[in-house]
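Below: one structure, written as structure tokens.
The values are calculated or read from the model by the stated rules, or taken from the named source; none is laboratory data. These numbers come from a predicted model, not from an experiment. Every residue, glycine as well, gets a Cβ built from its backbone with ideal geometry; the counts of neighbours run over all protein chains shown.
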Amino acid sequence: MNDPAAALLFPGQGVQRSGMGEPWRDSPSWQVVGEVSEWTGEDVEELLLRADDETLRRTDLAQISVFTIALVTLESLAGTSLIEHVTACAGHSLGEYAALVAADVLTPRDAAILVAARGRAMRQATQRQAGAMAALIGAELDVAEALTAEVRTSGDEVWVANINAPGQVVVSGAVSGVRAVAAMAPQHAIKAIELPVAGAFHSPLMSSAQDGLQEAIAATTFAAARVPVVANVDARPHVSRHAWPSLLRCQLTAPVRWDQTVRVLCDELGCECLVELGPSANVLPMVRRIAPRSKRMAITDPGAAERASGQGEERPTSITEPEIAAGQPPRSLPRSALRLRTRDGDSAVVEVDIDTDEALFDGHFPGLRILPGVSLIECVQRAAALAEPRDLAGTRLSVIEKARFLSPVLPGDRVTMHLRWNTHDGGWRCSAQLATSRGSAARVRLLLTTAEEQR
Amino acid sequence: MTTDANQIDGLLPHRPPMLLLDEITMLQDGVRITAQRRLSADEPWYASRQGAAAGPYPPVLLLESWCQAAACLLATCATGSTPAELMLFAAASGVTFHTPAAPGELVEHRVSLVRLLEETAIVDGDAVIGGRRVLSVEQAIIAIRPKQGLVAADTSPPGVTQERPLAAVAAAGTAEDVLR
């Protein structure tokens with residue numbers, strides 16, 4: 001088998017959502033959850049299964065939750081061929097700790113204790129001084145640097161905190177400083193989105209958290225890496241165990257150089273396939289912007305883990321929709337999962353195999369099983385959320401501007417959807433052409449609006 | 001007039017869990033219909049959610065329920081479908097989901113017949129829950145098609161069926177005009 005060199009990627013805080021442990025609760029690797037609870041003194045099972053979104057916004061709880069999901073996912077892949085082909089790792093912010101576990105620099109136990117200490121220290125820092133962060137969509141680094149510098153000269157505190165991808169920079173600082181940058185953004189054709197975090201992470205305002213973390217770092221043993229880990233702070237691959245105490249300390253106040261990190265993985269370390277381990281595809285949309293030709297895969301549930309490790313029927317070459325989980329709205333086709341085939345700018349190809357065991361076929365119709373046309377509309381909405389998770393995952397179906405159903409879709413059919421989307425009147429307009437092996441099945445145009453615009 | 005579920009069984013080919021209509025509360029033959037549906041978390045869409053909050057009713061199924069009310073209206077027309085025919089949702093435009101609906105709520109669908117062509121009907125209307133509008137449909141096209149033709153289409157080799165609209169609206173011309 002000629003498998004490409006793979007890199008494991010781990011998302012950071014912000015990816016958490018209520019019920020994100022659901023897909024894993026019956027898998028053998030779920031036992032990690034009990035272990036993390038023991039090591040950290042937090043009821044992590046409660047956090048992963050029952051805590052609401054409000055609870056999960058708390059810095060320390062969010063971090064231990066996201067970290068634990070990464071460990072569970074990693075555990076599920078232990079001993080598989082995918083892990084054998086891993087040649088490097090990296091994690092976004094908090095995700096760096098899971099990357100260090102994947103590379104054997106830290107034991108899961110030591111990493112969990114560090115993550116708990118880091119979360120507590122960061123939370124205390126935010127209680128001492130409130131802060132804010134905002135994503136600048138459409139901003140390149142030089143413009144973001146110029147905007148923050150301009151605000152700083154007027155005496156306010158704000159810095160570049162994440163350089164995520166082309167056209168996506170995050171700033172961090174005092175609430176007033178971040179708002180000042182956000183106010184200037186539209187003049188530069190930049191959209192500023194405030195992030196739901198409690199503090200000015202990755203900025204000098206986090207320096208008070210460094211002492212708390214330092215204590216825990218001093219009590220930790222670091223080992224030499226099995227494969228290089230590319231660090232957030234300097235975007236360089238590290239194998240030596242000596243570098244990490246200072247890199248992790250600096251990471252609290254320094255920008256995350258994610259754009260450069262991904263370039264080093266792809267160009268310097270030769271990673272052809274980038275695999276994200278987390279509750280949803282979170283850093284992969286950034287990777288797509290940085291390295292559009294890379295092969296990308298998200299492991300969000302045990303099914304994806306099984307397929308990725310070669311135990312399933314085929315190795316995935318695409319991003320699969322997460323299994324239905326507690327946090328997602330109910331749908332007419334709960335069994336048929338969508339797969340993102342290709343994505344290019346504001347268009348994508350998504351396919352779905354209509355599961356023959358979908359409950360609705362029992363009554364639509366007896367003796368003549370035909371997929372209801374309305375379910376194709378649902379597929380288009382789900383396809384949009386899969387193709388553009390950053391902007392479209394939280395949206396609701398607001399208007400069917402137009403829909404035409406051209407030929408019947410039957411159980412077992414593979415439906416291929418060609419999607420295109422653009423912003424429209426505060427929401428998104430998404431057009432799609434759907435086909436089966438027999439030809440065109442439907443044409444659909446939808447308006448999707450974000451949850452806040454619901455009345 | 002009131003029609004219970006047994007009579008709806010006779011008007012629609014749909015069966016549980018896709019029979020999404022409980023009762024016809026008003027029917028003016030060939031003109032308009034009002035029909036009700038009690039949304040329920042016992043429907044299979046909620047089955048795999050393992051005790052999580054029920055969540056909003058899938059909007060597309062609310063539309064399906066509305067279309068079934070429309071089909072009941074057509075079934076009572078003189079040219080309504082026979083057992084050898086199926087009524088299929090062929091096209092729609094301007095369908096707005098105003099506010100989410102939830103399991104437990106009682107939806108009232110109101111459908112008017114705009115135009116009846118040979119094998120195609122144009123309908124419009126809305127759906128309300130306790131006076132709150134949850135759905136409005138500027139235009140929906142329901143096609144009346146022989147079951148036989150559908151099965152034939154299903155088994156033809158790729159490319160043969162091409163883009164033959166279910167509603168045969170291209171041939172109808174007038175329907176195409178309304179659709180734009």
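At a glance:
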item	result
Top-ranked residue of region A:374-398 - restricted to ones that are basic (K, R) and in a helix (DSSP H, G or I), ranked as farthest from the other protein chains (Cβ to nearest Cβ)	A:R390
Number of positions in region B:1-53 that are modelled with pLDDT under 85, surrounded by fewer than 18 Cβ atoms within 10 Å (Cβ to Cβ), not in a helix (DSSP H, G or I) and not β-branched (V, I, T)	5
Long-range neighbours under 7 Å by Cβ, at least six apart or interchain, first residue farther than 22 Å from A:R58 by Cα within region A:100-118, second among the charged types (D, E, K, R)	A:A103/A:R226; A:D104/A:R226; A:V105/A:R241
Residue within region A:272-280 that is over 11 Å from the mean Cα position of the chain (by Cα), free of Cβ contacts under 8 Å to residues at least 60 places away in the same chain, farther than 24 Å from A:A135 by Cβ and surrounded by fewer than 22 Cβ atoms within 10 Å (Cβ to Cβ) present	no
Check on A:I64, at pLDDT 95 or above, β-branched (V, I, T) and either under 19 Å from A:V197 (Cα atoms) or surrounded by fewer than 19 Cβ atoms within 10 Å (Cβ to Cβ) (or both)	yes
Among (1) more than 21 Å from A:G131 (Cβ to Cβ); (2) surrounded by 17 or more Cβ atoms within 10 Å (Cβ to Cβ) - the single one A:V233 does not satisfy	(1)
Selection status of A:Q433, of a type outside the set (F, W, Y), modelled with pLDDT under 85 and more than 22 Å from B:P44 (Cα to Cα)	no
Residue count for region A:411-449, restricted to those that are part of a loop (DSSP other than H, G, I, E, B), at the interface with another protein chain (Cβ under 10 Å from one of its Cβ atoms) and in contact with a strand residue (DSSP E or B) (Cβ under 8 Å, 6 or more places away or on another chain)	2
Any hit, region A:416-439, residues being in contact (Cβ under 8 Å) with a residue 12 or more places away in the chain and within 30 Å of B:D9 (Cβ to Cβ)	no
Answer residue from region A:158-170, given it is under 13 Å from A:T253 (Cα atoms) and touching a helix residue (DSSP H, G or I) at 6+ places or on another chain (Cβ under 9 Å) and is surrounded by the most Cβ atoms within 10 Å (Cβ to Cβ) among those	A:V158
Conditions (1) in a loop (DSSP other than H, G, I, E, B); (2) crowded, with 19+ Cβ neighbours inside 10 Å; (3) in contact with a helix residue (DSSP H, G or I) (Cβ under 6 Å, 6 or more places away or on another chain); number of the one not met by A:F222	(2)
Where A:E401 falls short, out of the listed (1) within 13 Å of chain B (Cβ to nearest Cβ); (2) over 21 Å from B:A101 (Cβ atoms); (3) assigned to a strand (DSSP E or B)	(2)
